[in-house]
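I have placed the structure first, in the form of structure tokens, so that the comments after it can refer back to it.
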Amino acid sequence: MAIKSKPRIKAPSEAKAGEIIEIKTLISHEMESGQRKDSTGKTIPRAIINTFTASFNGKPFFEANWFTAVSANPYQAFFYKASESGEFTFTWKDDDGSEQTATAKLTVA
Amino acid sequence: MQLRSWTPSRREIMEVGLASVLAAALAPRLAMATEETVAAELKKLYGDKPMAGGKIKLDLPEIAENGLVVPLNVDVESPMTEQDYVKAVHVFADGNPLPQVVTYRFTPQSGKAAASVRMRLAQTQNVIAVAEMSNGALHTAKAQVKVTIGGCGG
Amino acid sequence: MISRRDFVIAAMAAGALASGDRGAFAQAARLGKMMQDDILRFDPVGTLTILHTTDLHAQLEPIYFREPSLNIGVGEARGLPPHLVDEAFLAYFKVPAGGADAYSLTSLDFDALARTYGRMGGVDRLATLVKAIRASRGAGNVLLLDGGDGLQGSWSSLQSRGGDMARVFAALGADAMVGHFEFTYGADRVKEIMDAAPYAFLAQNIRSLEWQEPVFEGRKMFERGGAKVTVIGQAFPRTPISNPRWMIPDWEFGLREEDMQKQVEAARAEGADVVVLLSHNGFDVDRKLAARVKGIDVILTGHTHDAMPKPILVGSTILIATGSHGKFLSRLDLEIKDRKVAGFRYGLLPVLSDAIAPDPEMAALVRELRAPYAADLARVAGHAESLLYRRGNFNGTFDDMICQAMLAERDAEIALSPGFRWGGTLLPGDPITFEAIANATAITYPACYRNTMTGQQLKDVLEDVADNIFNPDPYFQGGGDMVRVGGMGYAIDVSQPVGRRISDMVHLKSGKPIEASKSYAVAGWASVNQGVEGPPIWELVEKHVAATKAVKIEPTSFVKVTGA
């Protein structure tokens, strides 16, 4: 199952240099585990988002590899040490090869 | 009634009754991960390298409220500088169909080697985290999460 | 203590506890002469008074409530209060047998003492005590805190979805409250009531599932008696497990011990002189928490319905246990010196309804709140020929009656009834009114289902629930008592781990052992699953009582307990 909705981000838009900020993300996805059977007894194939990446000004700083145990509609929270103004890019990679991205601006005073 | 079977969505869980939940719980199970399969995964990653305790804080509920969405917070003590930071954290569960839960890759720019995700736990089991430091040292921590039908309080 | 003379006077610096003489008062009580002034007499200390009510379970009017005759403590709590009953309880707390104290605190000679000392509780009596204490102490020096489970447990509370009790707490002038069964009215209703309430609804341990952010305020600072008092609220941490999660699908609970520590530190940083935890954790959980979270001065415990006439100290943390159903009001006077608790005096005030004049305003409110349901409440289905009570770790006679009703009315082989600790007691000869039935059954998920379950499934249920009560680590306990069974006997060794406690399950009617692979027709109620079908339990019980007319149930012997 492909990613079907816009991801949501909660991150501060401003920070002081050196401040460690928390970033929270959510995306809608069934995260089909490949462990379930349908009503005819056939195994439903695995279909999950397998990689989440966070970059700032093009430089990756955090990555999560998700396995089938990650819950549907995955939530991921993590941290970032602010140093300069710029833009976050968040990327979700699906088993089917599709990708979804979201961005957020950060101003460092 | 807490879920013990591997079931798809919260909505579907809610629709099943007591008997069916129990029936599912008692139905022949899929092959489950064990302590040994977790150990085998770790061996693939790090061979026989020794692992120390300490440094990792695994923040998990004592009892899962919903086996489909169990909050998992992991926090590894580290200065997170270029010289000394946490490179990776692997999290496993030893009673799920597959042992892997999540792998995090951190950088000094992460500021803090901490992250939160939500996971599925099929039954009462241990959650194991292993952290790989930038100098190659390994640390590990383990916590049990109980998955129960509960009982009626108050 | 119940008597003014038995209030604990603690010089905390010296760590000395001194108890006074209480003989004369107890004697007066034995003679039935305990009066309102005796209950209220209190030698104040310091400038601050904290009043605590908890687990009222929506009892507007006085009731009988028999304390448990079996309350097993496991692990480190073994043999410690509150896991002491009857003679052992009296001996531990130095309470004389046969008086009002023994009546209100134990199950000993309950029938006879109940007839001497009468019903307990009633929010109009509670209001009298609260107003009198505010008048003598100065309203600006008194904080009134409720430990939750106040809005559920009666027909009028169920019909008004907690609205009746919300008005009662407002009229009492409550300052803050926490929750448990309140959540069984659903997230929206809880929000609606608490947004409108003049008191704070505190819950440091509830998070939105979506973003993991606080749903309610966790603490509130009050200025009383010249001191800054911060109250931290803790909702019942296991609500989504013990009660229907689908009613609060977007909230996550849990103990959150680390967050609790942060709350305490934040409170101190804000200038709190006194930090009070208003808790619905249950006593054993709070005793463990008190030893692990630093800096809490007072824990007002709740949930497990324990009433203790003296505080329990864990380090310098004072633990108070106020009982349930409005039977007691706790008064804790604190002396604050140099921005710290320097001493205290405590009294567990018995709300003996015959000795206390009802507060006219609250009495009028109670009449108004009950009026719409008067005909239902008064309806008599039959009468009790033996003591019908609920509390105790295993089956009580009131639940036996409910189980018998399910077996008969749903044509089941085995009945399961939840181990709730709320619900009143009926004396032999008392009418069994619809109100009395509702007092033990009034929940928002009352459907009595009929299912088939295998012997193995039944054992799994018993094992899981038993682990919820007898796990030696309090953080794995959920409060409540063991699931009640009808039509089936079993043995339990409480000292064993999960999966190994239950044995010798037997189908009572046939006398045959319960077989793991065999299917049985099982009736039960209070399933936490959504969409469970069946008639509401009160309807079925009323029907059964009406058919039985005289209900005579002796305490059962089909649950054999070892390892305690």
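Readers should treat all values here as calculations from the given coordinates under stated rules, not as data from a laboratory. What you see is a predicted model; the values in this text were computed from it and never measured. Heads up, the Cβs are rebuilt from the backbone with ideal geometry, glycines too, and the neighbour counts pull from every protein chain shown.
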Next item on the list: Kindly put A:Trp92, C:Trp422 in sequence by how many other C-beta atoms sit within 10 Å of each C-beta, fewest to most.
Entry: A:Trp92, C:Trp422
Note to self: Just to be sure I understand the model, the point goes 7 Å from the Cα along the line to the Cβ. What's the resulting B:Leu45 to C:Arg500 distance in nm?
What the structure shows: 3.2
Next item on the list: Summarise the partner chain shielding of B:94-104 as one whole number: the mean count of Cβ atoms from other chains within 10 Å of each residue's Cβ.
Entry: 5
Margin query: To make sure I understand the rule: partners must be lysines, Cα under 20 Å from the Cα of C:Lys191, and not fewer than 8 residues away in the same chain. Which ones qualify?
Written below: C:Lys220
Note to self: Apply the a/c threshold of 1.5 to the C-alpha gyration tensor of the range C:63-105 and tell me whether it is rounded, prolate or oblate.
What the structure shows: oblate
Item checked: Cα gyration tensor category, rounded, prolate or oblate, for the range A:8-108 with a/c compared to 1.5 -> prolate
Margin query: To check you understand DSSP bridge types, tell me what percent of the beta bridges within chain A (both residues inside) are antiparallel, rounded to 5.
Written below: 95
Check: Is it possible to state the helix-based mean residue ellipticity at 222 nm for chain C, with each DSSP H run of 4+ residues giving -39500 (n - 2.57), the sum divided by total residues, to the nearest 500 deg cm²/dmol? What is it?
Finding: -8500 deg cm²/dmol
Next item on the list: Using only the Cα atoms of the range C:4-368, build the gyration tensor, take square roots of its eigenvalues as a ≥ b ≥ c, and label the shape rounded, prolate or oblate: rounded if a/c is under 1.5, else prolate if a/b is larger than b/c, else oblate.
Entry: rounded
Note to self: If I stretch the segment between A:Ser98 and A:Glu84 completely, what's the gain in nm (0.36 nm per residue apart, minus their alpha carbon distance), one decimal?
What the structure shows: 2.0 nm
Next item on the list: Determine, for each peptide in C:433-441, C:194-202, the mean count of other beta carbons within 10 angstrom over its residues, then list the peptides with the highest first.
Entry: C:433-441, C:194-202
Margin query: Which aspartates and glutamates, if any, have their Cα less than 19 Å from the Cα of C:Lys340, not counting same-chain residues under 8 positions apart?
Written below: C:Glu223, C:Glu265, C:Glu270, C:Asp273, C:Asp297
Next item on the list: Pull up the cross-link candidates among the lysines for C:Lys512, meaning alpha carbon to alpha carbon under 25 Å and not fewer than 8 places away within one chain.
Entry: C:Lys459, C:Lys560
Check: Between the range C:49-115 and the range C:205-259, how many Å separate their Cα centres?
Finding: 29
Check: Suppose R0 equals 22 Å; then what is the FRET efficiency for C:Glu515 and C:Lys560 from their Cβ-Cβ distance, rounded to the nearest 0.05?
Finding: 0.70
